[in-house]
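*Asks:* For reference, the structure I am asking about is given below.
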Amino acid sequence: MDLYGNQPKLGVIYTCFPGGRHKALTMSYDDGREEDRRLVRLFNRYGIKGTFNINAGLKQEGRRIPLEEMRELYKGHEVACHTFQHPTIARCPIDQTAWQILWDRRLLEEHLGYPVRGLAYPNGSYDEEICRLLPSLGIRYGRTVGSTDKFEIPSDFTRWTATCHHNHRLLELGEEFAALYKRQYLYLMYVWGHSYEFTDRNNWELMETFCERMGGREDIWYATNIQIADYLEAARRVFFDVDGTMAVNPNACSIWFDIDGRITEVKGGETLRW
């Protein structure tokens, strides 16, 4: 109560994904092999967004997508680092790890025309020192390997582990994700893999079925890895008054909230009162 004995009328404010959604889906595929062309076409057909992790120093090896094609092929998606030559970086001197990341960034950016700010750890290799290094190299997140079987937002984006590899319970987990309805939570489904695995295992129908079932849903935000990391960071910069009746958004982008059950957009640079 305040000095006059009045009970404050505090509301409940939840952060939402864009459009007021409470679920997001993102995909992450490594190595830039030729099968990415088919995978990108599939994502584009169903409105799904992917992040493609590329080793710029291996561009001539193993049926890889030429760097000159990447800007057009991956338009609307994200290209992220996978290191220059795909070494097991936890075994490397830290200055060489920095070199592997920075030179991968530099060559990719030369061909893509935008800053490359994500990383998938090659061979899933990382350690505490590498995680601490990433921000100084301009890297916002680092994706590990493995599966959590969960739909949680990571507490540390430098140790971002996916919900599942596409060969691990993909359709079953997709059904669970689609059925989630409790709006007091933010849910994230994150799928990773290598596009050439579909050719090796002759199971392209697995991803085709998943995309058909999961694409085009009104309650899901389809986003790249960096879009998710950036949006949630921006959402944390929005601040509120004590009574929960005013929001100030210092970002350039809109951030969405559920305020006592009302979906509310706070536009970039806006002070909103209700």
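*Asks:* Hey, could you check segment 77-130 for residues that are crowded, with 18+ Cβ neighbours inside 10 Å and among the β-branched types (V, I, T) and say which is nearest to the chain's Cα centre (by Cα)?
*Replies:* V79
*Asks:* Tell me, yes or no, whether segment 235-243 has at least one residue that is touching a strand residue (DSSP E or B) at 6+ places or on another chain (Cβ under 7 Å), under 22 Å from V116 (Cα atoms) and in contact (Cβ under 8 Å) with a residue 60 or more places away in the chain.
*Replies:* The answer is yes; a qualifying residue exists.
*Asks:* Taking R201 as meeting all but one of (1) more than 27 Å from I65 (Cα to Cα); (2) basic (K, R); (3) free of Cβ contacts under 8 Å to residues at least 40 places away in the same chain, write down the number of the exception.
*Replies:* It fails just one condition, (1).
*Asks:* Considering segment 86-109 alone, what residues qualify as being closer than 17 Å to G142 by Cβ and either small (G, A, S) or not in a helix (DSSP H, G or I) (or both)?
*Replies:* Within segment 86-109, H86, P87, T88, A90, C92, A98 meet the criteria.
*Asks:* In segment 178-203, what residues are buried (at least 19 other Cβ atoms within 10 Å of the Cβ) and under 8 Å from F151 (Cβ atoms)?
*Replies:* Matches in segment 178-203: Y187, L188, M189.
*Asks:* Looking at segment 22-66, which of the residues that are touching a Leu at 6+ places or on another chain (Cβ under 7 Å) and among the aliphatic types (A, V, I, L, M) is nearest to Y185 (Cα to Cα)?
*Replies:* A24
*Asks:* Separate question: In segment 206-239, how many residues are in contact with a Phe, Trp or Tyr (Cβ under 9 Å, 6 or more places away or on another chain), under 15 Å from Y14 (Cα atoms) and surrounded by fewer than 16 Cβ atoms within 10 Å (Cβ to Cβ)?
*Replies:* Here the count works out to 1.
*Asks:* Testing L171 on (1) of a type in the set (A, V, I, L, M); (2) within 29 Å of G11 (Cβ to Cβ); (3) surrounded by fewer than 20 Cβ atoms within 10 Å (Cβ to Cβ), one condition comes back false. Which one is that?
*Replies:* (2)
*Asks:* Would you point out the residue of segment 40-67, among those that are within 20 Å of G113 (Cα to Cα) and touching a Cys at 6+ places or on another chain (Cβ under 9 Å), that is surrounded by the most Cβ atoms within 10 Å (Cβ to Cβ)?
*Replies:* I54
*Asks:* I want to confirm something. Restricting to segment 113-172 and keeping residues that are in a strand (DSSP E or B) and of a type in the set (F, W, Y), which single residue is nearest to L102 (Cα to Cα)?
*Replies:* This residue is Y141.
Computed from the coordinates by the stated procedures, all read-outs in this text should not be read as laboratory data. Predicted model, so just to flag it, every value in this text is computed and none were measured. Don't worry about glycine lacking a Cβ; one is built from the backbone with ideal geometry, like all the others, and counts go over all protein chains shown.
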